[in-house]
């Protein structure tokens, strides 16, 4: 498998590294959450120092998808603050980029990024998402498009009725999706889930209790297709960022109430290179 199953790590345990990416990311320190050794695609936390700036024109050879967790970014005159999202396809021209006070952003790159001088082709085929501001966006409580059909359930999926979400991206070419999901305190779903696509998640706030232990802010997983998981619940409620690869989310639900525990023991699934970063009993308070 080009990208290993990770379920889960606390990003606090990973080191910040300088010079991971060049060009567009000069001066930006990075925590690599996962990497596809075949394509060079990565999921990362990127930390921009206060006063960082970069001129243009220039463009990347990779899709860049970002969600600001803290601070401020500006790209081409568009301002991104806390919980602002963008999807900038490969070839999208950047005239300017800066951060006044510094920023931390979830950053997903579709391949090893190379920065090319000059104007890009800007031929995005409708894939550009310039900005979604989650703090002002309207919440959607219908989960049908995310593979959850609560209208036809027999009660097994009642927990999903409490969720709301903001769709950030639905790729017109691949069907891949990105969304922010929120759930209230004391929810639980007594089901096992199986998806035919990659599912990736970063826990922004709250907690998430599941079959591999208790996740806290900063928790991350990358789950390959066809991997059974769950059931899940949250004592505090939570805010999560999700992505799929390989198409839109579809879900096969199976009964699993007998498997759920609020006190599930830590049992992370990690490749050997991440074993030293296995989550501990208590996670740090900060999420980066």
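Below are the figures for this structure:
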quantity: Strands (runs of 3 or more DSSP E) contained entirely in region 195-288, each with at least 1 residues that are free of Cβ contacts under 8 Å to residues at least 40 places away in the same chain and in contact with a strand residue (DSSP E or B) (Cβ under 6 Å, 6 or more places away or on another chain); calculated: 198-206, 208-210
quantity: Lone qualifier among 82, 70, 74, 58 - being assigned to a strand (DSSP E or B) and under 17 Å from the mean Cα position of the chain (by Cα); calculated: 70
quantity: Tally, over region 114-144, of residues that are within 17 Å of residue 67 (Cβ to Cβ) and assigned to a loop (DSSP other than H, G, I, E, B); calculated: 7
quantity: Selected residue [outside the structural domain of residue 215 (by TED's automatic domain parsing), without any contact (Cβ under 8 Å) to a residue 24 or more places away in the chain, surrounded by fewer than 22 Cβ atoms within 10 Å (Cβ to Cβ) and closer than 22 Å to residue 120 by Cβ] from 53, 79; calculated: 79
quantity: Qualifying residue in region 188-200 (condition: closer than 24 Å to residue 70 by Cβ and buried (at least 18 other Cβ atoms within 10 Å of the Cβ)); calculated: yes
quantity: Yes/no for residue 263 being farther than 19 Å from residue 164 by Cα, at pLDDT below 90, touching a helix residue (DSSP H, G or I) at 6+ places or on another chain (Cβ under 9 Å) and not assigned by TED's automatic domain parsing to the domain that holds residue 109; calculated: no
quantity: In region 169-194, the residues that are over 22 Å from residue 36 (Cβ atoms) and assigned to a loop (DSSP other than H, G, I, E, B); calculated: 172, 184, 185, 186, 190
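The values are calculated or read from the model by the stated rules, or taken from the named source; none is laboratory data. Every value quoted in this text rests on a predicted model; they were computed, and no experiment measured them. Reconstructed Cβ throughout: ideal geometry from the backbone, glycine too, with neighbour counts over all protein chains shown.
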